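Presented below is the structure to which this report refers.
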Amino acid sequence: MIGSVLIANRGEIALRIARGARECGIRSIAVYSEPDRLAPHVLAADEAYCIGPAASAESYLRGDALIDLARRVGAEAIHPGYGFLAERADFARAVEEAGLIFVGPSADTIAAMGDKTEARRRMQDAGVPIVPGLTEALEDTAEAERAAAEIGFPVLLKASAGGGGKGMRVVEEPAELARAFEAASREAVAAFGDGSVYLERYLSKPRHIEIQVLGDAHGNVVHLAERECSIQRRHQKLIEEAPSPVLTPEERAAMGETAVRAAEAVDYRGAGTVEFLYQDGEFFFLEMNTRLQVEHPVTELVTGIDLVEWQFRVASGEALPFGQDDIGIDGHSIECRVTSEDPFGGFLPSTGTVRYLEIPSGPGVRWDGGIVTNGEVGLHYDPLLGKLIVHGPDRSTAIARMRRALDELQIVGVETCVPFHRRVMDEPDFQEGRLTIRYLEQHPDVLEPAASDGGGLAAAVAAALLEERHRSERAPRLGDTGGRPLPAWRSTGWPWNVAR
């Protein structure tokens with residue numbers, strides 16, 4: 001087993017990895033930007049080092065500095081988490097060239113699947129169904145017009161190097177194509193440094209269903225069933241669940257076998273996800289994420305397989321001790337992404353101090369969070385505050401459990417999307433599993449402001465109590481001890497694991 005790992009990330013995923021490392025007996029080394037110096041992932045790790053100022057480009061995206069730090073502090077491996085450098089082939093290659101272990105797939109695999117047109121070619125060659133469209137980037141608007149005419153409108157323009165909805169435009173008719181092509185290319189340059197765009201058929205009512213795969217360095221690959229991720233906003237997932245409420249056992253097996261074939265085509269090692277669009281019994285390859293996914297907990301809860309642990313074990317050279325027939329599905333799990341955004345105000349970001357935090361608990365409830373009471377929420381990073389995950393024996397129980405857990409979750413000081421999640425849990429189409437990636441367009445009422453969305457009274461009481469505590473100066477702010485060290489600190493008033 002790897003002896004030590006530098007976690008090249010922040011927030012809830014860095015905390016998740018630190019916890020996984022501790023359970024595996026691995027020394028964990030956190031990094032932090034200046035505003036993150038007292039973040040939960042920093043305090044959970046065995047060691048922590050400042051990597052730079054708030055801007056990601058000067059801290060968490062400094063691959064050279066991260067590798068240099070890893071070598072200086074004796075780390076054997078680097079775990080990238082997700083986001084930041086997780087799917088940068090050049091970073092993975094630099095880690096390996098520095099004599100360190102990259103906890104993830106090889107640089108060649110990341111490169112192959114990171115280029116969307118190359119990925120489509122690879123999948124087509126492997127017999128994986130792809131959405132009808134091009135496997136080469138478009139040269140110009142004229143070529144886009146010819147291709148669209150052949151495929152038929154509506155079509156979808158997509159950035160070759162991207163993901164997450166960046167550099168993506170739906171084109172309903174020929175007159176819109178030129179402007180959409182220029183906009184998609186311009187956005188792709190800004191997001192990925194590469195303006196190449198390709199074109200494919202636009203499906204009108206698809207579901208977003210993805211298959212979790214796990215491979216080792218000995219040629220073994222298995223799938224861990226599927227996740228339904230159809231509730232999205234601008235191609236960003238909001239709610240995920242496992243298993244999908246629509247797939248039959250036969251469809252699940254077919255999609256799983258296809259995902260394994262896709263992973264084998266690129267010699268996949270570690271945890272990864274093959275994403276599909278599903279419509280009317282057909283499924284098509286969308287992309288492959290060569291990293292751990294934000295929504296991995298729902299898979300862990302229904303399969304009983306710890307994906308972070310197996311990332312470490314595979315990176316250490318271990319072979320998977322289980323085969324496909326050993327993997328089953330137990331019950332149902334749902335995850336709500338909790339972000340610092342106002343769902344009734346266009347999901348505008350919210351910043352401030354978390355003045356009160358109450359985390360739900362009880363049977364089948366899990367909270368993967370990256371915030372603490374008195375912690376600051378700024379604009380420097382992704383607005384994800386944490387993930388609320390539940391597990392139950394069936395989908396209806398899981399929905400009821402999530403509703404209860406959302407009522408218990410109290411975050412005071414910043415706006416969050418919790419009221420939106422409460423609305424969705426009560427919405428009939430969601431309860432019946434009638435979902436598409438256009439769920440929000442089809443259900444605008446879940447985003448309409450209301451006088452009360454449940455839990456408001458408890459939040460107001462908590463806010464009043466906190467205000468009274470602050471007025472009486474009985475609760476010092478984070479980082480301001482009033483001359484008194486916090487209980488968990490050494491006499492220096494500085495966390496014991498954090499390098500000054």
Out of the stretch 137-171, which residues are outside any strand (DSSP E or B), of a type outside the set (Ser, Thr, Tyr) and under 30 Å from the mean Cα position of the chain (by Cα)?
-> Ala137, Leu138, Pro154, Ala161, Gly162, Gly163, Gly164, Gly165, Lys166, Gly167, Met168
Breaking point among (1) farther than 29 Å from Pro245 by Cα; (2) crowded, with 17+ Cβ neighbours inside 10 Å, for Gly345 | (2)
Restricting attention to the stretch 339-355, does a residue exist that is in contact with a Leu (Cβ under 6 Å, 6 or more places away or on another chain) and basic (Lys, Arg)?
-> yes
Any hit, the stretch 377-388, residues being more than 21 Å from the chain's Cα centre (by Cα) and at pLDDT 95 or above = no
Conditions (1) surrounded by fewer than 21 Cβ atoms within 10 Å (Cβ to Cβ); (2) in contact with a Gly (Cβ under 9 Å, 6 or more places away or on another chain); (3) under 28 Å from Leu6 (Cβ atoms); (4) not hydrophobic (A, V, I, L, M, F, W, C): number failed by Thr351 = (3)
If you check every pair at least six apart or on different chains, which have Cβ atoms under 6 Å apart with a residue in the stretch 137-156 that is under 14 Å from Ala180 (Cα atoms) and free of Cβ contacts under 8 Å to residues at least 40 places away in the same chain first and a residue that is buried (at least 16 other Cβ atoms within 10 Å of the Cβ) and not acidic (Asp, Glu) second?
-> Glu145/Leu177
Residue check, Val128 against (1) among the hydrophobic types (A, V, I, L, M, F, W, C); (2) in contact (Cβ under 8 Å) with a residue 12 or more places away in the chain; (3) part of a helix (DSSP H, G or I), all met but one. Which one?
-> (3)
Which residues, counting only those in the stretch 162-179, are surrounded by 21 or more Cβ atoms within 10 Å (Cβ to Cβ) and of a type in the set (A, V, I, L, M, F, W, C)?
-> Val171, Leu177
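The values are calculated or read from the model by the stated rules, or taken from the named source; none is laboratory data. Owing to the predicted nature of the structure, the values given are computational and were not obtained by experimental measurement. As a convention, Cβ positions derive from the backbone with ideal geometry for all residues, glycine included, and neighbour counts pool all protein chains shown.
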